[in-house]
Amino acid sequence: MGAESLQGNGEARFLPPSAPLILGLQPAALIDHVTHVDLSLLDQIPGERGGSIPVGVEELEHILGELKKHILSTPGDSSPMKTMAGGSVANTIRGLSVGFGVATGMIGAYGNNKEGQLFVRNMSISRVDISRLRMKEGPTGQCVCLVDALGNRTMRPCLSNAVKVQANELTREDFNGSKWLVLRYAKFNLEVIQAAIRIAKQEGLSISLDLASFEMVRNFRLPLLQLLESGDIDLCFANEDEATELLRGEQNADPEAALEFLAKHCRWAVVTLGANGCIAKHGTEVVRVPAIGEARPVDATGAGDLFACGFLYGLVKGLSLEECCEVGSCTGGSVIRSLGGEVTPENWEWMYEQMQVKGLQVSDIWN
């Protein structure tokens, strides 16, 4: 993407070639363990199916220990369990780099253990700038992603003892010259999120926020509302469950109402609707775009993260709101065709074919 003039907060800026166009803040590096399991295992673990709630180290080890008894084999998969760099932000940033050749970077911390080295190696191979990642003494975060026979995923992250970057460690140099900062809402990371937003805004970056999970919205709704109402969030992504939780208790709490609410505070608002596609609003424009890809996913892990990847690519390329949603639908559809939140080379090719069918820009990728 090199040096180019881009509009940032109303004024033209020139990005130095060395600055990642899009940065991701993931305070704690995360390793995903993704596998198909039978329903009996999901019945044994705490929390609702389909969501994401944190677990302690002992619970994580218990789930990992039980996996061998409950793994379902999947045709075409050489390995019943995939272990890879994970986390919502990492999935989005990696997708932008690998799928679209966008210059990206990660801010965060990883532990000095095998999981930390795996995270760094995976992001490096994906051509993500890791110079803003800090290595620290201690463990790296891990997450078990349990996928049922219908492709629905239940996530249990263990971050309680994981090393992470602190608010006072962020510097202006981390953000200088970049265009976008990608964030995922988390109450336990609120201090570092707020610090990152403050510095990023001083440096002229736009902010993209993902609402994380319906549990996070349900349990920590007030600080989320304060964050949205600050006016600092330029782009917000919510899935249907998160959108419903955001307006819980209101007379009208459907996705359309949530979209209107988000659009009052953000320049771009997007609500993804799974197999029903997405709705989005920018200014007075509202669009509805159907989903692209399999009606029955192999694994829904990373679908929202890769949707955000495609939508952000559309924004930095100057595409229309509808086209941004269409690219997002293509990227979101690509990741659900196989296990895990990382798109395979074969599925990137599938995505490029879908973009060509839609008449979207493909020829200038990597230029």
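The values are calculated or read from the model by the stated rules, or taken from the named source; none is laboratory data. Note that the coordinates shown come from a computational prediction; the quantities given were computed from them, not determined experimentally. As a convention, Cβ positions derive from the backbone with ideal geometry for all residues, glycine included, and neighbour counts pool all protein chains shown.
Values for this structure:
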| quantity | calculated |
| --- | --- |
| Count of residues meeting criterion [modelled with pLDDT of 95 or more, assigned to a loop (DSSP other than H, G, I, E, B) and basic (K, R)] in region 225-274 | 1 |
| Selected residue (only one of R153, R94, R132, R127 is within 21 Å of E346 (Cβ to Cβ), in contact with a strand residue (DSSP E or B) (Cβ under 6 Å, 6 or more places away or on another chain) and among the basic types (K, R)) | R153 |
| Q26 polar (S, T, N, Q) and either at pLDDT 90 or above or under 30 Å from A196 (Cβ atoms) (or both) | yes |
| Failed criterion for A167 (all others in (1) modelled with pLDDT of 95 or more; (2) crowded, with 23+ Cβ neighbours inside 10 Å; (3) of a type in the set (A, V, I, L, M, F, W, C) hold) | (2) |
| Residue list for region 127-144, restricted to those being hydroxyl-bearing (S, T, Y) and over 26 Å from T35 (Cβ atoms) | S131 |
| Qualifying residue in region 284-292 (condition: touching a Cys at 6+ places or on another chain (Cβ under 9 Å), small (G, A, S) and buried (at least 24 other Cβ atoms within 10 Å of the Cβ)) | no |
| Flag if E326 is surrounded by 18 or more Cβ atoms within 10 Å (Cβ to Cβ), part of a helix (DSSP H, G or I) and of a type in the set (D, E) | yes |
| In region 225-246, residue surrounded by the most Cβ atoms within 10 Å (Cβ to Cβ) [restricted to those that are of a type outside the set (D, E) and within 18 Å of G51 (Cα to Cα)] | F237 |
| Condition met for L209 (in contact with a helix residue (DSSP H, G or I) (Cβ under 8 Å, 6 or more places away or on another chain) and either under 21 Å from V182 (Cα atoms) or not acidic (D, E) (or both)) | yes |
| Residues (surrounded by 18 or more Cβ atoms within 10 Å (Cβ to Cβ) and within 18 Å of the chain's Cα centre (by Cα)) located in region 152-164 | R153, T154, M155, R156, P157, C158, L159, K164 |
| Restricting region 186-223 to residues that are in contact with an Asp or Glu (Cβ under 7 Å, 6 or more places away or on another chain), buried (at least 22 other Cβ atoms within 10 Å of the Cβ) and not polar (S, T, N, Q), the residue that is nearest to S88 (Cα to Cα) | L211 |
| From S131, S178, S124, S160, residue being small (G, A, S) and part of a helix (DSSP H, G or I) | S124 |
| Selection status of V57, within 15 Å of L159 (Cα to Cα), in contact with a strand residue (DSSP E or B) (Cβ under 9 Å, 6 or more places away or on another chain) and of a type in the set (A, V, I, L, M, F, W, C) | yes |
